[in-house]
1. Mind listing whichever residues of the stretch A:58-105 are small (Gly, Ala, Ser), assigned to a loop (DSSP other than H, G, I, E, B) and either under 12 Å from the mean Cα position of the chain (by Cα) or at positive phi (or both)?
2. What number of residues within the stretch A:32-51 are within 16 Å of A:Leu66 (Cα to Cα) and more than 15 Å from the chain's Cα centre (by Cα)?
3. Of B:Lys104, B:Lys83, which residue is touching a strand residue (DSSP E or B) at 6+ places or on another chain (Cβ under 7 Å), basic (Lys, Arg) and farther than 30 Å from A:Asn53 by Cα?
4. So is A:Ala29 more than 14 Å from chain B (Cβ to nearest Cβ) and either free of Cβ contacts under 8 Å to residues at least 24 places away in the same chain or part of a loop (DSSP other than H, G, I, E, B) (or both) or not?
5. Which of (1) at pLDDT 95 or above; (2) buried (at least 18 other Cβ atoms within 10 Å of the Cβ) does B:Ser58 not meet, given it meets every other one?
6. Given the options A:Leu11, A:Leu40, A:Leu46, name the one that is surrounded by 13 or more Cβ atoms within 10 Å (Cβ to Cβ), within 13 Å of chain B (Cβ to nearest Cβ) and either without any contact (Cβ under 8 Å) to a residue 60 or more places away in the chain or aliphatic (A, V, I, L, M) (or both).
7. Here are A:Val4, A:Val20, A:Val109: which of them is touching a strand residue (DSSP E or B) at 6+ places or on another chain (Cβ under 7 Å) and over 27 Å from B:Tyr35 (Cα atoms)?
8. Do we have any residue at all in the stretch B:93-115 that's touching a Leu at 6+ places or on another chain (Cβ under 9 Å), away from chain A (no Cβ under 14 Å), surrounded by fewer than 20 Cβ atoms within 10 Å (Cβ to Cβ) and in a strand (DSSP E or B)?
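The values are calculated or read from the model by the stated rules, or taken from the named source; none is laboratory data. The shown structure was predicted, so the numbers you read here are calculated from the model rather than taken from an experiment. Note that we place each Cβ from the backbone using ideal geometry, even for glycine, and neighbour counts take in every protein chain shown.
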Amino acid sequence: GENVEQHPSTLSVQEGDSAVIKCTYSDSASNYFPWYKQELGKGPQLIIDIRSNVGEKKDQRIAVTLNKTAKHFSLHITETQPEDSAVYFCAAPAGSYQLTFGKGTKLSVIP
Amino acid sequence: EPEVTQTPSHQVTQMGQEVILRCVPISNHLYFYWYRQILGQKVEFLVSFYNNEISEKSEIFDDQFSVERPDGSNFTLKIRSTKLEDSAMYFCASSEAGGRRSEKLFFGSGTQLSVL
């Protein structure tokens, strides 16, 4: 089955700086890689995703890069703001109908 | 914006009791899921459901668990005889597409289950 590793587990950045979270996956057949943001007391919310036919996707301050050869993908948040503080999860398909999630990264943006 | 709703937000039960967690998926979605998250750990897949049957389930989803779509809007998770280790946040999710085209899962806010 798919195994997803996520680093770091915690990340503190100053407001305005960039944050990068990295994930690796094991199944070379995986073709879809979403990132979820989870705020306290809420369910995971999809913030960006990428398919294996592209190497990078950007949405305003958030970008995701994918290296299929190395089997890793990364989330980049630029110009971080306090409201970016949350737990971020990467995920990859683990079967026909399920996602396997990474262990999460707690991002703290310090004003 | 359409959202997945879950009730109750918190459920406390005694070990050995049955619980039913309820979810209303987004109305035009066809695929439904349950995931759980033990405190401080990652989100884990339990089961997926499509066309009134289970399409995939994990090792966690043993005979104590069952799912049902009793009507056109609700999707439920039943735990027949709860154990202490069932204490977790349970998330319902839904998506328009499924299978290897699974994408854009929309999660509810979860039900925090505490088994005493």
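1. Within the stretch A:58-105, the first condition is being small (Gly, Ala, Ser), and the residues that meet it are A:63, A:70, A:74, A:85-86, A:91-92, A:94-96, A:102, A:104.
Next cut, assigned to a loop (DSSP other than H, G, I, E, B) only: A:70, A:85, A:94-96, A:102, A:104.
Matches in the stretch A:58-105: A:Gly102, A:Gly104.
2. Number satisfying all stated conditions: 0.
3. Working: B:Lys104 fails: farther than 30 Å from A:Asn53 by Cα.
Exactly one residue qualifies, and that residue is B:Lys83.
4. Details: more than 14 Å from chain B (Cβ to nearest Cβ): no; either free of Cβ contacts under 8 Å to residues at least 24 places away in the same chain or part of a loop (DSSP other than H, G, I, E, B) (or both): yes.
No, not satisfied.
5. Looking at each condition in turn, B:Ser58 falls short on (1).
6. Working: A:Leu11 fails: within 13 Å of chain B (Cβ to nearest Cβ); A:Leu40 fails: surrounded by 13 or more Cβ atoms within 10 Å (Cβ to Cβ).
It is A:Leu46.
7. Numbers: A:Val4 fails: over 27 Å from B:Tyr35 (Cα atoms); A:Val20 fails: over 27 Å from B:Tyr35 (Cα atoms).
Step by step, each of A:Val4, A:Val20, A:Val109 is checked, and only A:Val109 is touching a strand residue (DSSP E or B) at 6+ places or on another chain (Cβ under 7 Å) and over 27 Å from B:Tyr35 (Cα atoms).
8. Among the residues of the stretch B:93-115, at least one is touching a Leu at 6+ places or on another chain (Cβ under 9 Å), away from chain A (no Cβ under 14 Å), surrounded by fewer than 20 Cβ atoms within 10 Å (Cβ to Cβ) and in a strand (DSSP E or B), which makes the answer yes.
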